[in-house]
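Have a look at the structure below before the remarks.
The values are calculated or read from the model by the stated rules, or taken from the named source; none is laboratory data. All values reported here derive from a predicted model rather than from experimental measurement. Don't worry about glycine lacking a Cβ; one is built from the backbone with ideal geometry, like all the others, and counts go over all protein chains shown.
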């Protein structure tokens with residue numbers, strides 16, 4: 001049995017964290033793709049085919065897979081043109097039945113068990129489905145019992161369809177690849193081939209009741225973080241410097257070179273990467289991930305957030321947010337992370353307003369952003385790469401990459417008309433009649 005990982009997509013909806021493949025984002029010190037490979041290994045699979053884009057960012061990290069106890073073969077696609085073309089690029093290296101998955105499925109070992117429990121015949125393909133309140137944003141299944149009768153990608157009408165959405169993990173075979181080769185080459189050729197295969201009675205659905213990882217939008221990385229951090233076991237490096245007055249809970253990992261100052265409170269699950277600094281009276285809570293070489297200033301509270309490598313913050317509050325690489329944040333920074341009416345937070349993505357499904361969501365900040373002091377951001381705001389945010393600014397809407405965004409101030413200086421100069425250079429009230 002083999003696993004085929006598709007990691008060559010463009011991820012346009014993942015802006016501003018899509019400068020490189022999104023599975024290269026680090027969680028708990030390792031790129032997401034490494035967590036996925038480990039999950040595949042835990043599922044008992046040692047042979048992996050990995051599809052990359054025109055630049056193979058993965059080989060320097062994964063090599064031939066030996067480090068992780070697997071064998072990795074690379075295929076590439078010069079321009080992302082859909083799953084079908086991507087899978088056909090991998091086809092020469094596929095020798096058996098295989099699992100097909102996207103690079104962010106760090107929970108694959110759990111999902112394989114779901115597939116194995118639902119497999120009835122050797123020549124069947126199996127799709128994992130998940131009940132959803134909004135399945136129309138995904139591929140949706142038409143089913144009869146556990147048999148898949150058809151597949152519709154992002155349907156305009158849900159009539160005759162189930163509430164099961166496709167989550168992007170499949171068990172497929174050589175017969176399916178033969179059918180895929182006969183399909184017209186287009187963006188949805190994979191989905192069309194799967195639909196035709198289902199109409200031949202060869203596809204079954206396995207419904208997952210487990211948490212399923214999605215990585216479509218930038219805030220989805222918080223869910224990946226939660227899944228990985230929940231499995232942490234307490235570990236504090238002997239080469240870390242931790243103040244005696246600091247309070248650290250059980251499921252916290254602190255890497256070497258970390259400095260934690262007086263009265264800092266670290267509530268797990270929490271990960272603090274190599275050579276990071278946590279200031280006096282800082283509070284990290286509710287599943288926070290601090291990657292390597294990060295500075296968290298004194299009196300900064302960080303809740304349920306990912307702070308990427310080399311970012312620097314001063315005082316303030318960061319809640320339910322993603323802070324990009326090498327970002328600089330001034331003092332008294334604040335992220336509003338809840339709407340006043342407590343409704344779900346909606347985010348503008350590619351000029352479309354998307355319901356995040358979250359009632360708590362702060363800001364997503366790209367790489368190399370510089371933010372002045374006393375800045376606040378509204379819930380669900382996205383700030384692009386290399387942006388500058390001026391001091392005392394409230395960011396009410398998305399900020400494009402390479403943009404300067406600030407509030408314009410008008411200086412006003414006036415004499416106090418009700419005062420007049422008295423003896424000895426002192427001002428005294430003017431008499432009125």
Do we have residue 225 as over 17 Å from residue 101 (Cα atoms), without any contact (Cβ under 8 Å) to a residue 60 or more places away in the chain and out of contact with any helix residue (DSSP H, G or I) (no Cβ under 8 Å at 6 or more places or on another chain) here?
no
Filtering the range 299-335 for residues that are outside any strand (DSSP E or B) and within 19 Å of the chain's Cα centre (by Cα) leaves a count of 12
Among the candidates 49, 106, which residue alone is touching a helix residue (DSSP H, G or I) at 6+ places or on another chain (Cβ under 6 Å), buried (at least 22 other Cβ atoms within 10 Å of the Cβ) and either farther than 23 Å from residue 211 by Cβ or modelled with pLDDT under 95 (or both)?
49
Select from the range 132-174 the residues that are more than 19 Å from residue 84 (Cβ to Cβ), in contact (Cβ under 8 Å) with a residue 60 or more places away in the chain and under 21 Å from the mean Cα position of the chain (by Cα) and list them in ascending order.
134
Can you spot a residue in the range 16-36 that is under 29 Å from residue 192 (Cα atoms), surrounded by fewer than 22 Cβ atoms within 10 Å (Cβ to Cβ) and more than 24 Å from the chain's Cα centre (by Cα)?
no
Condition check: in a helix (DSSP H, G or I), under 19 Å from residue 307 (Cα atoms) and either outside the structural domain of residue 130 (by TED's automatic domain parsing) or under 22 Å from the mean Cα position of the chain (by Cα) (or both). Does residue 222 satisfy that?
yes
Go through the range 223-270 residue by residue and tally those that are touching a strand residue (DSSP E or B) at 6+ places or on another chain (Cβ under 7 Å) and farther than 30 Å from residue 356 by Cβ.
18
Scan the range 241-255 for residues that are farther than 23 Å from residue 39 by Cβ and either touching a helix residue (DSSP H, G or I) at 6+ places or on another chain (Cβ under 7 Å) or not in a loop (DSSP other than H, G, I, E, B) (or both) and jot them down.
241, 242, 247, 248, 254
Evaluation of residue 254 against (1) outside the structural domain of residue 350 (by TED's automatic domain parsing); (2) buried (at least 23 other Cβ atoms within 10 Å of the Cβ) (one fails), failing number:
(1)
Matching residues in the range 359-373 - criterion: being in contact with a helix residue (DSSP H, G or I) (Cβ under 7 Å, 6 or more places away or on another chain) and part of a loop (DSSP other than H, G, I, E, B)
361
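This table checks each residue for (1) over 24 Å from residue 214 (Cα atoms); (2) touching a strand residue (DSSP E or B) at 6+ places or on another chain (Cβ under 8 Å).
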residue: 342; (1), (2): no, no
residue: 353; (1), (2): no, yes
residue: 356; (1), (2): no, yes
residue: 359; (1), (2): no, no
residue: 369; (1), (2): yes, yes
residue: 383; (1), (2): no, yes
residue: 390; (1), (2): yes, yes
residue: 393; (1), (2): yes, yes
Answer with yes or no whether residue 186 is in the same structural domain as residue 92 (by TED's automatic domain parsing), within 25 Å of the chain's Cα centre (by Cα) and in contact (Cβ under 8 Å) with a residue 12 or more places away in the chain.
no
Testing residue 84 on (1) crowded, with 20+ Cβ neighbours inside 10 Å; (2) touching a strand residue (DSSP E or B) at 6+ places or on another chain (Cβ under 9 Å), one condition comes back false. Which one is that?
(2)
Among the residues of the range 143-155, which ones are touching a helix residue (DSSP H, G or I) at 6+ places or on another chain (Cβ under 8 Å) and closer than 30 Å to residue 358 by Cβ?
151, 152, 153, 154, 155
Quick test for you: out of 77, 72, pick the one residue that is over 12 Å from residue 9 (Cα atoms) and surrounded by fewer than 23 Cβ atoms within 10 Å (Cβ to Cβ).
72
Given the criteria surrounded by fewer than 18 Cβ atoms within 10 Å (Cβ to Cβ) and either at pLDDT 95 or above or outside the structural domain of residue 211 (by TED's automatic domain parsing) (or both), does residue 116 qualify?
no
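Let's see how each residue does on (1) modelled with pLDDT of 95 or more; (2) not in a helix (DSSP H, G or I):
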{"position": "194", "(1), (2)": "no, no"}
{"position": "197", "(1), (2)": "no, no"}
{"position": "210", "(1), (2)": "no, yes"}
{"position": "228", "(1), (2)": "yes, no"}
{"position": "239", "(1), (2)": "yes, yes"}
{"position": "257", "(1), (2)": "yes, yes"}
